[in-house]
């Protein structure tokens, strides 16, 4: 996956500043000695190349990541986006990964945490969002931000509480106040942590959870209108 970055021809450049004025991301700065390109801020939109009156800007490719695909147990198609070390934004990688999605199948996309641009890109055009949280002040804080995003994007959603203690918590109080459906609760259980540390699915060590996850899927299909 490549990002097209601007390259400045010092012989043609008159340092007029139009490229820097046009850039919404502040990726270009003009000095008496020339134009400096801040690669980490560049989104590769090509606008600077378009507005340059001297045609002093040409685009050069830079590899920022790659997409790998495969198949698990000859049953599940799997794809992953890998960002090159040091690259600040995975948005383009996520976008490329989603291009390979077969929308005739059930697809689960694991989003980055938080509420950054990468999360918004992951949520684009999804049928349903599962917001995973835990009953802590930090969990509640991040959940509120995530709820705000999915509501602004008009995406149906529900909450899964991880490391649930079995008692009424601040998450339950917030969900009640905001009329949010809690789809499932995964207990704060040592056996689950042990299975995870051994690289196992806890549905393998606790088969009853296979049924519960099937029921969770049915709830999601019902809420999203997807069959």
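All told, residue 62 meets the bar of being in a strand (DSSP E or B) and either free of Cβ contacts under 8 Å to residues at least 12 places away in the same chain or surrounded by 12 or more Cβ atoms within 10 Å (Cβ to Cβ) (or both). Evaluate segment 48-57: report whether one residue or more is part of a strand (DSSP E or B) and either touching a residue at least 24 places away in the same chain (Cβ under 8 Å) or touching a helix residue (DSSP H, G or I) at 6+ places or on another chain (Cβ under 9 Å) (or both). Within segment 48-57, one or more residues are part of a strand (DSSP E or B) and either touching a residue at least 24 places away in the same chain (Cβ under 8 Å) or touching a helix residue (DSSP H, G or I) at 6+ places or on another chain (Cβ under 9 Å) (or both).
Of the candidates 81, 70, the single residue that is surrounded by fewer than 10 Cβ atoms within 10 Å (Cβ to Cβ) and either outside the structural domain of residue 41 (by TED's automatic domain parsing) or outside any loop (DSSP other than H, G, I, E, B) (or both) is 70. A residue that is in a helix (DSSP H, G or I) and either in contact with a helix residue (DSSP H, G or I) (Cβ under 9 Å, 6 or more places away or on another chain) or surrounded by fewer than 17 Cβ atoms within 10 Å (Cβ to Cβ) (or both) cannot be found anywhere in segment 10-17. Take the conditions (1) part of a helix (DSSP H, G or I); (2) free of Cβ contacts under 8 Å to residues at least 12 places away in the same chain; (3) within 30 Å of residue 89 (Cα to Cα); residue 199 misses just one of them, which is (1).
Taking (1) touching a residue at least 12 places away in the same chain (Cβ under 8 Å); (2) over 16 Å from residue 132 (Cβ atoms) in turn, residue 176 satisfies each apart from (1).
So that you can scan it fast, the table gives a plain yes or no per residue for (1) in the same structural domain as residue 218 (by TED's automatic domain parsing); (2) at pLDDT below 95; (3) in a strand (DSSP E or B):
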| residue | (1), (2), (3) |
| --- | --- |
| 104 | no, yes, no |
| 115 | no, yes, no |
| 122 | no, no, no |
| 131 | yes, no, yes |
| 155 | yes, no, no |
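Scanning segment 179-191 for residues that are out of contact with any strand residue (DSSP E or B) (no Cβ under 7 Å at 6 or more places or on another chain) and either part of a strand (DSSP E or B) or over 18 Å from residue 128 (Cβ atoms) (or both) yields a count of 3.
Of the residues making up segment 150-167, those that are under 21 Å from residue 215 (Cβ atoms) and surrounded by 15 or more Cβ atoms within 10 Å (Cβ to Cβ) are 156, 157, 158, 159, 160, 161, 162, 163, 164. Any chance you could count how many residues in segment 168-213 are surrounded by 11 or more Cβ atoms within 10 Å (Cβ to Cβ) and more than 17 Å from residue 155 (Cα to Cα)? Counting residues in segment 168-213 that are surrounded by 11 or more Cβ atoms within 10 Å (Cβ to Cβ) and more than 17 Å from residue 155 (Cα to Cα) gives 30. Report yes if residue 212 is more than 24 Å from residue 98 (Cβ to Cβ), touching a residue at least 12 places away in the same chain (Cβ under 8 Å) and touching a strand residue (DSSP E or B) at 6+ places or on another chain (Cβ under 6 Å), otherwise no. Taking the combined requirement at face value, the residue does not satisfy it.
The values are calculated or read from the model by the stated rules, or taken from the named source; none is laboratory data. All values reported here derive from a predicted model rather than from experimental measurement. A quick note on method: Cβ atoms are made from the backbone with ideal geometry, for glycine too, and the neighbour counts reach across all protein chains shown.
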